[in-house]
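Here is the structure we will look at.
The values are calculated or read from the model by the stated rules, or taken from the named source; none is laboratory data. Every value quoted in this text rests on a predicted model; they were computed, and no experiment measured them. In this analysis, Cβ positions are derived from the backbone assuming ideal geometry, glycine residues included, and neighbour counts consider all displayed protein chains. All accessible areas refer to the heavy atoms of the entire protein, side chains included, with ligands and DNA or RNA removed. Shrake-Rupley method; radii C 1.70, N 1.55, O 1.52, S 1.80 Å.
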Amino acid sequence: MPTPLATAIANSPLHSGGFIALDLQGNVYLSSGDGPNPRISKLSPSGQLLTQFIGFSGDSGVQGVAVDSQGNVYGADQDANDVVKFSAAGKVLSTIGASQIGEPGGLAVDSHDVLYVADEAGAAVEVFSPSGKLTQTIRGTFGKTRGLAVGTLGQLYVVDHERGRVLTLDPSGKQLASWGEGVNGITLSYPIEISLDNLGDIFVTDPGDNALQKLSSDGKLLAKWPARDKYHPISVAALPDGRTFTTEDADDGKSARVVERSPAGSELAVWR
C-alpha cells in the first residue's frame, strides 16, 4: 500500500479528544478536545485552517460538532450543559438547551436542520427545532448515549457506548434494531461516534477495539480498519461517496491526527 500523504496543518488545531464534522462542500470542522480555550476549527478539504469558532466555557472541551444545511455550526459545551450555535462566519447566534441537557455529547442535524443532542447524563436524546426549541425527548434502553446520526428516512442511530452497541430508532423514538454485543458478528467494546454515507453504510469508532468499523444499513459487519502507530479512533465523519475522516488520539494522550480513508479503507491522507 502506498504511504499515505502526511499533511502538516498550519497553526494545527489538533488536540487529544477532538470531534469532527463535514459540510456539504467537504470542509472539515474539528473541535479542540480536552483542555483550555475550547473552540472549533474549520479546515478546507486539503487541511488549510480557514476559521475558528470561539464562544465555549470551561476546559472540558467541545464534545460534539455538527453543521446544518445553511452552514451554521454547532458545538456541544459540556461545562455549560448547552449547545452553542454559530453562523458560518463564526458569530455566536444562540445557545440551545440550557438547563434542558445534562452533559451534551454527540450532535446530529437532519435534512430539515432539526438538531439532535446526546444527553449523556440523562441517558436520552434531546431534539430541538431549527429555532432552538425543545420538541422531543427520546428515552430508551440506553446505558449512555454518545454518537448520533440521522438517516434519509428520518431514522435515528444512537451509539450506546456504555453497553457497546448501536440502536436504530424510528422518528417517534421506537427501537427498530440493536447491533453489537455479538449480533451479526458485531462486537463493540467502547463505541463513541457514528456517521453515514449516501449508501446507508454506517461507520462507528471503537477505541476499545482500536478500530473504525463499517456496517451495512441492515447491521452486518462489512469491514474493520484498525488504527495504527499506537493511535486509537475517536470521532468519524463520512462524505456521501463513502470516504471518511477520523480523529485519532495517541496512546500517550499528547497528540492527535486526522486520517482520511477511501470507501475501501485505504489511507489517503494523514493530517497532524
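Residues in segment 173-187 that are assigned to a loop (DSSP other than H, G, I, E, B) and modelled with pLDDT under 90: Glu181, Gly182, Ile186, Thr187. In segment 161-179, the qualifying residues are those that are touching a Pro at 6+ places or on another chain (Cβ under 8 Å) and under 24 Å from Leu239 (Cα atoms), and the one that is least open to solvent (accessible area, probe 1.4 Å) is Val166.
Would you mind stating whether Leu212 is in a strand (DSSP E or B), closer than 22 Å to Thr246 by Cβ and either touching an Asp or Glu at 6+ places or on another chain (Cβ under 8 Å) or of a type in the set (A, V, I, L, M, F, W, C) (or both)? Even if it seems obvious, please write down each step before you answer.
Working: in a strand (DSSP E or B): yes; closer than 22 Å to Thr246 by Cβ: yes; either touching an Asp or Glu at 6+ places or on another chain (Cβ under 8 Å) or of a type in the set (A, V, I, L, M, F, W, C) (or both): yes.
In short, yes.
For Gln100, are the conditions met, namely being part of a loop (DSSP other than H, G, I, E, B), polar (S, T, N, Q) and loosely packed, with under 15 Cβ neighbours inside 10 Å? It is false that Gln100 is part of a loop (DSSP other than H, G, I, E, B), polar (S, T, N, Q) and loosely packed, with under 15 Cβ neighbours inside 10 Å. Condition check for Leu107 on (1) under 27 Å from Val270 (Cβ atoms); (2) open to solvent by 30 Å² or more (accessible area, probe 1.4 Å): one failure, at (2). Determine whether segment 244-261 contains at least one residue that is charged (D, E, K, R), over 19 Å from the mean Cα position of the chain (by Cα) and within 28 Å of Leu169 (Cα to Cα). No, because not a single residue in segment 244-261 is charged (D, E, K, R), over 19 Å from the mean Cα position of the chain (by Cα) and within 28 Å of Leu169 (Cα to Cα). Taken over segment 39-62, the residue count meeting the criterion of being open to solvent by less than 10 Å² (accessible area, probe 1.4 Å) and at positive phi is 2.
Taking segment 40-53, which residues are part of a strand (DSSP E or B) and farther than 19 Å from Lys85 by Cβ?
Of segment 40-53, the ones part of a strand (DSSP E or B) are 40-43, 49-53.
Leu43, Leu49 - these are the residues of segment 40-53 that are part of a strand (DSSP E or B) and farther than 19 Å from Lys85 by Cβ.
Which of (1) modelled with pLDDT of 90 or more; (2) part of a loop (DSSP other than H, G, I, E, B) does Ile138 not meet, given it meets every other one? Unmet condition: (2).
For Tyr29, are the conditions met, namely being closer than 17 Å to Thr246 by Cβ, without any contact (Cβ under 8 Å) to a residue 60 or more places away in the chain, surrounded by 21 or more Cβ atoms within 10 Å (Cβ to Cβ) and not charged (D, E, K, R)? Lay out the reasoning, then the answer.
On the way: closer than 17 Å to Thr246 by Cβ: yes; without any contact (Cβ under 8 Å) to a residue 60 or more places away in the chain: yes; surrounded by 21 or more Cβ atoms within 10 Å (Cβ to Cβ): yes; not charged (D, E, K, R): yes.
When the stated conditions are applied, Tyr29 passes them.
Restricting segment 94-131 to residues that are of a type in the set (Asp, Glu) and at negative phi, which is modelled with the lowest pLDDT? Can you show your working first?
Step one: filter segment 94-131 for residues of a type in the set (Asp, Glu), giving 103, 110, 113, 119-120, 126.
Next, only the ones that are at negative phi stay: 110, 119-120, 126.
Working: Asp110: 96, Asp119: 95, Glu120: 92, Glu126: 96.
Per the criteria, the residue is Glu120.
Residues in segment 110-145 that are under 18 Å from Asp170 (Cβ atoms), open to solvent by 20 Å² or more (accessible area, probe 1.4 Å) and of a type outside the set (S, T, N, Q): Asp110, His112, Val114, Tyr116, Arg139, Gly140.
In segment 54-75, which residue that is assigned to a strand (DSSP E or B) and at pLDDT below 95 is nearest to Asp113 (Cα to Cα)? Per the criteria, the residue is Gly64. The set of residues from segment 149-160 being surrounded by 15 or more Cβ atoms within 10 Å (Cβ to Cβ) and more than 24 Å from Ile20 (Cβ to Cβ) is empty. Considering only residues that are surrounded by fewer than 20 Cβ atoms within 10 Å (Cβ to Cβ) and within 27 Å of Leu24 (Cβ to Cβ), which ones fall in segment 197-217? Correct list: Asp197, Asn198, Leu199, Gly200, Asp201, Ser216, Ser217. Once segment 226-257 is narrowed to residues that are of a type outside the set (Ser, Thr, Tyr), assigned to a strand (DSSP E or B) and within 20 Å of Leu148 (Cα to Cα), the residue that is most open to solvent (accessible area, probe 1.4 Å) is His232.
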